[in-house]
Structures are given as structure tokens and as C-alpha cells.
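Encoded as C-alpha cells, the structure appears first; notes follow it.
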Amino acid sequence: MKKILTLTLALISVFILTACGGSPQKADSAAAKNEASAAAVKTAENDDTPKNILVAYFSCTGTTKSLAEQTAKVLHGDIYEIKPAAPYSTADLDYNDEMCRAKIEQDSPNLRPELAEAVPDLSKYDTIVIAYPIWYGQEPRVVDSFTEKADFANKTVVPICTSGGSDIGRSGEFLRQLASPKANWKEGRRFESIDEDVIEAFFYEIGLMK
């Protein structure tokens, strides 16, 4: 009787040990699968994130700055402010004054206001977005200064702008003529509002986002 009881207890012990021994292995296997799945999702997300994009902008009132910041956020790009050596005052932008600085500059297509700093090294970027306001139906001359000095060779360049009423007009075409002929120039657009969905839709449409 004792032998039977001892044998029974031994069998029960083996069964318990076997069952306990298998559980951690199954748990480890499941954990490994979960980690691999999480890593794959993270990699896929990273692969879909646009890289090597710079948003260069000029802004006086803050409207274009907001557009540039939202664009950089949507594209996961860097941002750079185009600064004139002599900042614009409120009087410089007075549309009611025919002799204001902005009006005089815009009436002089070959004028190139001095920049506050050298154009940054663009070699690490594949795509440059240029954001600017429309002044008297054109891009500001200080944006022309930046465009002429920048090296856009073999880069995709996209002009975007803000305006109280004027469309982007021929400003994008004029900037294209000032830039390196080897640049891949995209047709730009004016944004009436700083809306993330609208910005995202535009860059999907021109193929910068997938």
C-alpha cells in the first residue's frame, strides 16, 4: 500500500514539475512574439516618415511662420528662418504708403536685400520647402536673396505662401528661375489657413508624403 502511495505521489510530482516547467517557456515565447511585432510596427512607422527635409521661411507678421512650423511638423523636417540684415518695421510694411520700404523693394525686381546670416549648408537635405508671404503680388525680395544664394542642385524644392487675397501667382516660377537649373521644382500653392489636414493633403498630392 505504501509503495502504491509513494508511486502515485511521485507521478503527481513529475506531472506538476513538467507543467510548471513548460509555462515559463510558453510565456517567454509569447513575449518574444509581442516584442517582435512591436518592433515591426515601429520600423514601418519610421520607414514612412519623410527624412532630410528643410522648411525655410520668411515672415514678418507671424502668419507665414505659423505655416512653416506646421509644415515642418507634418513633414518631420527641420526649420530655418530667412532673416534680413535690416529687419522690417511696421512702417516698412505700410500698404497705404507708396514710399514704404516693401513697396520700393517690390517695384525693383533686381533688388536683393542683404541677409542677416549666410545661407545654411543644404547638402544633407533632399527637399527644401520655401515659405513666404505675398507682397504686392510677388514673393519678397529677401526670399529672392536666399534663393539665389542657396544651392538647390539635385533637390526637390516646393514654394508655399500666405496672403490676404493674392494667389501664389508667378512667384514660384520666378523663384525657380533664380534657383539652380538642376533642382526639381514643384508647383506650389497659397494656404488661406494654417490647417494641418490641408497642409498634409497638399504634400500627399505632390508626392512628398505616402
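For first residues located in region 151-175 and more than 20 Å from Tyr125 (Cα to Cα), partners that are hydroxyl-bearing (Ser, Thr, Tyr) and open to solvent by 20 Å² or more (accessible area, probe 1.4 Å) and lie 6+ apart or on another chain with Cβ distances below 8 Å form the pairs Thr162/Thr63.
Taken over region 124-143, the criterion of being of a type outside the set (Lys, Arg), over 20 Å from Ile53 (Cα atoms) and either open to solvent by less than 30 Å² (accessible area, probe 1.4 Å) or within 17 Å of the chain's Cα centre (by Cα) (or both) is satisfied by Pro133, Ile134, Trp135, Glu139, Pro140, Val142. Among the residues of region 66-101, those identified as touching a residue at least 24 places away in the same chain (Cβ under 8 Å) and either part of a strand (DSSP E or B) or charged (D, E, K, R) (or both) are Lys73, Asp78, Ile79, Tyr80, Glu81, Lys83, Pro84. Consider Glu117 carefully, then state whether it is without any contact (Cβ under 8 Å) to a residue 12 or more places away in the chain and open to solvent by 40 Å² or more (accessible area, probe 1.4 Å). It is false that Glu117 is without any contact (Cβ under 8 Å) to a residue 12 or more places away in the chain and open to solvent by 40 Å² or more (accessible area, probe 1.4 Å). Among (1) on the phi > 0 side of the Ramachandran plot; (2) more than 14 Å from the chain's Cα centre (by Cα), where does His76 come up short? Against the list (1) on the phi > 0 side of the Ramachandran plot; (2) more than 14 Å from the chain's Cα centre (by Cα), His76 comes up short only on (2). Name the residues in region 157-170 that are open to solvent by less than 10 Å² (accessible area, probe 1.4 Å) and touching a Gly at 6+ places or on another chain (Cβ under 8 Å), would you? Scanning region 157-170 gives Val158, Pro159, Ile160, Cys161.
The values are calculated or read from the model by the stated rules, or taken from the named source; none is laboratory data. Since this is a predicted model, take the numbers as computed values, not measurements. Cβ sites come from the backbone with ideal geometry, for glycine too, and all protein chains shown count toward neighbours. What goes into the accessible areas is simple: the full protein's heavy atoms, side chains included, and nothing from ligands, DNA or RNA. Shrake-Rupley method; radii C 1.70, N 1.55, O 1.52, S 1.80 Å.
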